[in-house]
1. I want the local charge near Val265. Using Cβ-Cβ distances under 13 Å, sum +1 for each Lys or Arg and -1 for each Asp or Glu among the other residues.
2. Of the peptides 77-85, 93-101, 133-141, 178-186, how do they stack up when ordered by the mean number of other Cβ atoms within 10 Å, highest first?
3. What number does segment 227-297 give for Rg over Rh if you use C-alpha atoms and the Kirkwood radius?
4. Average the reciprocal distances over every distinct pair of alpha-carbons in segment 97-137, invert the result, and give the Kirkwood radius in Å.
5. Share of Cα-Cα pairs in segment 175-245 beyond 19 Å, in percent?
6. Calculate the length of the line joining the C-alpha centroid of segment 123-181 to that of segment 1-72, in whole Å.
7. Beyond 21 Å, how much of the Cα-Cα pair distribution for segment 1-150 remains, as a whole percent?
8. Would you kindly state how much longer the chain becomes between Glu356 and Asn292 on full extension, computed as 0.36 nm times their sequence separation minus their alpha carbon distance, in nm to one decimal?
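Since every read-out is calculated from the coordinates, none of them should be taken as a lab result. Remember, predicted model here, so these are calculated numbers, not experimental data. Cβ sites come from the backbone with ideal geometry, for glycine too, and all protein chains shown count toward neighbours.
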Amino acid sequence: MMKSFLLRDEDYQAIEIYKLILRHNRRPDNYTLPYALKACANMKKSLNLGKSIHGHGVKLGYVFDNFVGNTLIAMYSNFDEMGSAKLAFDEISRHCVISWTVLISGYVKNGDVYSARLVFDGAHLKDRGIWGAMLSGYVQNNCFKEGLELFRSMQMSGVKPNEASFVSVLCACANLGSLEIGKWVHRYVEKVKMVVGVKLGTALIDMYSKCGYLDLAEEVFDKMPRRDVICWNTMISGYAMNGNGESALRLFDEMQRSGIRPDHVTFISLFTACSYSDMAQVGLNLLHIMCNVYNIEPKSEHYGCIIDLLSRARLIEEANAIIQKMLNLGSTCEEAIAWRALLSACCSHGRADLAEAAAERLVVLERHSGAYVLLSNAYAAQGRHGEAQWIRKMMRRRGWRKHRGVALSRLTVLFMNLLLGSRHIHRWMKYLKFWRALENSWTRLIGFEPVKTDKFIIGSDMDLPH
């Protein structure tokens with residue numbers, strides 16, 4: 001009965017059954033306890049209840065059991081209690097591969113890749129699941145190079161990768177621009193006649209799109225027998241990031257005709273496509289469709305995209321009108337993002353009048369120096385240096401400082417590192433313009449100028465897997 005409640009996501013009812021067992025003085029066995037622990041893991045603020053059930057397991061002598069111990073590890077990991085998870089792991093009398101895998105996944109889930117690797121290295125027997133958990137952990141925590149190195153070790157150990165492993169590798173390739181390794185994965189999949197499911201196909205599309213090979217991404221997309229909304233979104237996003245707005249819109253129409261309902265991610269990609277293809281009016285029409293046809297409530301990401309779209313077309317008044325209409329639809333944080341994007345656009349186009357109103361509203365929502373920095377820039381752009389200087393002095397009196405924008409410049413350096421080290425530099429160079437535009441877009445959104453540098457690091461591609 002507890003299992004049936006868990007399958008229906010009725011965790012509270014499963015716990016009630018467990019309490020009923022205790023009230024009737026029945027002894028829970030090593031199958032009952034895991035069901036109760038799983039219910040606790042799924043419920044918020046139920047850590048103490050889980051610890052109480054753990055105590056029952058100690059009294060009954062079940063903590064040495066693999067089934068109970070593995071569930072304890074998973075429960076504590078879900079509550080970011082990795083110390084207790086490790087203790088539960090140590091209490092298990094004989095560790096099975098699932099025990100190692102669950103503990104690795106727990107560390108990965110909580111962002112501790114270093115501890116996960118220590119557990120991985122200590123595993124006496126590494127099956128495909130353990131390798132996959134560690135590989136996925138590296139990719140989930142943006143350790144892409146380490147993920148590819150682990151994949152190489154996995155091959156040398158004679159462990160055959162499965163679909164999940166290939167998805168992780170392709171994700172790493174997409175983020176590193178490692179086209180050759182991505183192509184090798186694709187050839188391997190075709191050689192062993194592995195079925196290209198939705199997840200694997202989407203990963204291939206994403207990898208080819210981010211490496212600039214839209215023709216290969218389209219080929220994978222067209223051959224897929226079944227596509228979910230994530231797959232459609234990935235292909236639309238591929239067109240958007242490569243500046244092909246018309247193809248993105250064409251695919252969106254095809255998506256609707258196929259009966260796939262778009263979600264909020266679909267429209268973020270479409271707004272981005274319109275922004276980089278100078279199709280402001282089309283973007284506004286899509287906003288109307290999103291809100292009135294699909295009843296999708298605009299979020300902060302949509303605000304940023306729309307303001308960027310309109311500001312690129314110098315439609316600052318329209319951008320202000322959009323924000324005024326959306327004020328009561330989002331949270332304070334989302335409203336602040338919209339005002340910050342408008343303020344940055346006003347600075348770029350010298351609209352100090354609207355910049356003042358946006359800055360006043362933004363200061364109410366966010367009490368830090370970002371709004372004043374942008375307003376000062378707007379005054380300076382219009383030659384109103386006295387007012388710009390007054391704002392700077394006011395910031396100094398309040399102890400506010402403008403922080404240097406270093407993150408974006410580091411991204412640019414990383415991008416150029418990959419670009420100059422690539423064997424396909426002629427294909428990469430045409431995307432430098434897109435990268436610069438993306439950097440400028442984020443600058444407008446967060447409200448700070450990046451540090452400019454002409455120095456780039458030359459890297460080298462990772463060797464192809466054998």
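1. Local net charge: -2.
2. For the peptides 77-85, 93-101, 133-141, 178-186, the packing ranking is 133-141, 178-186, 77-85, 93-101.
3. Result: Rg/Rh = 0.93.
4. Here the Kirkwood hydrodynamic radius works out to 9.5 Å.
5. 27
6. 34
7. Tail fraction, whole percent: 45.
8. 19.9 nm is the gain from fully extending Glu356 to Asn292.
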